[in-house]
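The values are calculated or read from the model by the stated rules, or taken from the named source; none is laboratory data. Quantities reported herein were computed from a predicted structural model and do not represent experimental measurements. Every residue, glycine among them, receives a Cβ derived from its backbone with ideal geometry; neighbour counts consider all protein chains shown. Heavy atoms of the whole protein, side chains included, go into the accessibility calculation; ligands, DNA and RNA do not. Shrake-Rupley method; radii C 1.70, N 1.55, O 1.52, S 1.80 Å.
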Amino acid sequence: MNRALHVREIHEYLFEIPPHGKMRVPARLYLDERSLRELMENQSSEEWNALKQLENVACLPGIVEAAMAMADVHPGYGFPIGGVAAFDPKDGGVISVAGVGFDINCGVRCLRTHLTRRDLTGKEEKLADTMFEVIPAGLGSTGELKLSTKEIDRVLREGARYAVRLGYGREDDLEYIEEHGCLSDADPSVVSHTAKQRQMAQVGTLGSGNHYVEVQVVDQIYNARAAEAFGLELGQIVIMLHTGSRALGHQIGTDYLPFLEKATRKHGIEVPDRELVCAPIESPEGQQYFRAVMAGANCAFANRQVLAHLVRQAFWKALRVPDTAIETLYEVAHNTVKWEMHEVNGERRRLLVHRKGSTRAFGPGRPELPERYRAVGQPVLVGGTMGTASYILVGTEQGMRETFGTALHGAGRAKSRRQAKRQYPAERIIEELRKQGIIVRAHGKASISEEAPGAYKDVEHVVEVMCNAGIVARVARLRPIVCLKG
């Protein structure tokens, strides 16, 4: 089928595929003509698959308004990455593994520091080496925490709060984590023993793939009011760390795929792709999976809390920067499913919102936001690549109306990992980045090649699209100095 014939322009930065076939709602894409043309011209199975996946999501029971894709959209498992979909239980809405992803609650924390770029001059190599030494990373990496089954259960119930109780970080960190770092519906009893066993030595580890810790400098301020609220200034050093629930989250997804496949058949749900197996939200199966996801999300919150503590340790060891000089600016998740209140056609509705590789981006006034940020809106953390800028954006009222308060989470892949490994030798990438003044340390060459800047879309462009669409607004641009990869 030629999908180009189905796509119509709503405005310069929004395109729509009207319902056809078994679609219950439209599929909406926050793109411009350039982005759409790139999708249409690149007729690889992956790129076309992203559009087909969005159409498939629009076929699911109980979906509200539309299946949506942000400007960083690319293919995922079942749902496209960069996608969002909200479901209403009153209309038979469902919950799906594919809408959450396997790295449950993968997300980003941003730490602001009292340092300036001048404070790091000549010390970049030492800091990079110390981070490599202090922060466990790489495939199968293990950390200093060796937890018992009872302790893992506490991690799954209490999230970042439990990490703080163990001495990792501070109480004030919790105020600036989405959901304060703990989801109350978590139930460790519905997480398999295998999943828990895999995680016992992995809390406080970075992992591999696109996970990283990056030291950055604020090199441009776009919104002075929001920047002041977020505590950002030109020349300031900030740190972004990106990781998730590690092996535990992946095992939960693996365990629940066959579980929800049976539920799909039991409840007579027709899905256009077997990767979209699901269960009614209010069914026993749907509730059980939801409680397991909440536990996996808490694990990720705890993991990032411990990693933030290790970042502080690395800065102390390398530069004698005290713990109090590094504060949590905010932490957002981008592989989640959560209950939220949203206004739809003038009616307040309680919806289950799936965000798959997309970030919550609440606008001003939402009670879920820290008091310090409530008047301006939620910080939205958009990671670039090793050689490109990252951004701090802010949610808008328009985003609340159009996308359930959701925005992009990164640049979005332009090439598969297999393509990138063939095209970008690790040694060449490291040397090219060094010439740009970016110091890279990695625990494996594969992650350098797979995550090379050329493997991703232009982050400047995808941010521009989302801002011009009115879904978010720019606050600050961050340039990389030191990057630790798995």
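Sort 449, 192 from largest to smallest accessible area, using a 1.4 Å probe on the heavy atoms of the protein chains.
On the way: 449 10, 192 35 Å².
Greatest to least solvent exposure: 192, 449.
Counting only protein heavy atoms and using a 1.4 Å probe, what share of the accessible area of segment 352-403 belongs to carbon plus sulfur, as a whole percent?
Carbon-and-sulfur percentage of accessible area, whole number: 48.
Compute the length gained on full extension between residue 91 and residue 9: take 0.36 nm times their separation in residues and subtract their Cα-Cα distance, giving the result in nm to one decimal. Don't skip to the answer; put the middle values down first.
Working: separation 82, 0.36 × 82 = 29.52 nm, distance 2.88 nm.
Stretched fully, the residue 91-residue 9 segment lengthens by 26.6 nm.
For the residue pair residue 368 and residue 347, what label-to-label distance in nm results when each label sits 7 Å from Cα along the Cα-to-beta-carbon direction?
According to this spin-label approximation, the distance is 2.1 nm.
What nm value, rounded to one decimal, do you get for the distance between residue 266 and residue 461 when each label is placed 7 Å out toward the C-beta?
So the two model labels end up 4.7 nm from each other.
Excluding same-chain residues fewer than 8 positions from residue 22, which lysines have a Cα within less than 28 Å of its Cα?
Of all the lysines, those that pass the test against residue 22 - Cα under 28 Å, at least 8 places apart if same chain - are 52, 90, 262, 266, 338, 356.
How large is the helix-only mean residue ellipticity at 222 nm for the chain, computed as the sum of -39500 (n - 2.57) over DSSP H runs with n ≥ 4, divided by its residue count, in deg cm²/dmol to the nearest 500? It would help to have the intermediate numbers written out before the result.
Details: 16 runs with 168 residues, N = 486.
When only DSSP H runs of four or more count, the value is -10500 deg cm²/dmol.
For segment 207-349, what ratio Rg/Rh do Cα atoms give with a Kirkwood hydrodynamic radius? It would help to have the intermediate numbers written out before the result.
On the way: Rg = 20.6 Å, Rh = 18.8 Å.
Rg/Rh: 1.09.
Helix check for the chain. Which DSSP H runs span at least 27 Å along their own axis by Cα, with a mean Kyte-Doolittle hydropathy no less than 0.0?
Span-like helices, by this rule, are 284-319.
What number comes out for accessible area per residue over the chain if the probe is 1.4 Å? Units Å², please.
On the way: 17880 Å² over 486 residues.
About 37 Å² of surface per residue is accessible.
Heavy atoms only, probe 1.4 Å: what % of the accessible area of segment 240-339 goes to carbon and sulfur, would you let me know? Mind showing how you got there, number by number?
Values: 1600 of 3110 Å².
Reported share for carbon and sulfur atoms: 52 percent.
Report the Cα centroid-to-centroid distance between segment 319-337 and segment 247-314 in angstrom, as an integer.
25 Å
Report the relative contact order of the chain, percent, no decimals, based on alpha-carbon pairs under 8 angstrom and at least 6 residues apart. List each step's numbers first, then the result.
Values: 1192 pairs, mean separation 105.2, N = 486.
Computed value for the chain: 22 percent relative contact order.
Gain in length, residue 427 to residue 116, computed as 0.36 nm per residue apart minus the alpha-carbon separation, to one decimal in nm?
Numbers: separation 311, 0.36 × 311 = 111.96 nm, distance 2.97 nm.
Once the chain is fully extended between residue 427 and residue 116, it gains 109.0 nm.
For residue 76, which sequence-distant residues (separation of 5 or more, or a different chain) have an amide H within less than 5 Å of its own amide H, given hydrogens modelled in the peptide plane?
Residues meeting the criterion, in which the H sits 1.01 Å from N, are 81.
I need the calculated FRET efficiency for the pair residue 233 and residue 133, taking r as the beta carbon distance and R₀ as 30 Å, to the nearest 0.05.
Details: r = 30 Å, r/R0 = 0.99.
Efficiency, from the Cβ-Cβ distance: 0.50.
State the extension gain, in nm to one decimal, for the chain segment bounded by residue 259 and residue 194, taking 0.36 nm per residue of separation less the distance between their alpha-carbons.
On the way: separation 65, 0.36 × 65 = 23.40 nm, distance 1.55 nm.
So the extension gain works out to 21.8 nm.
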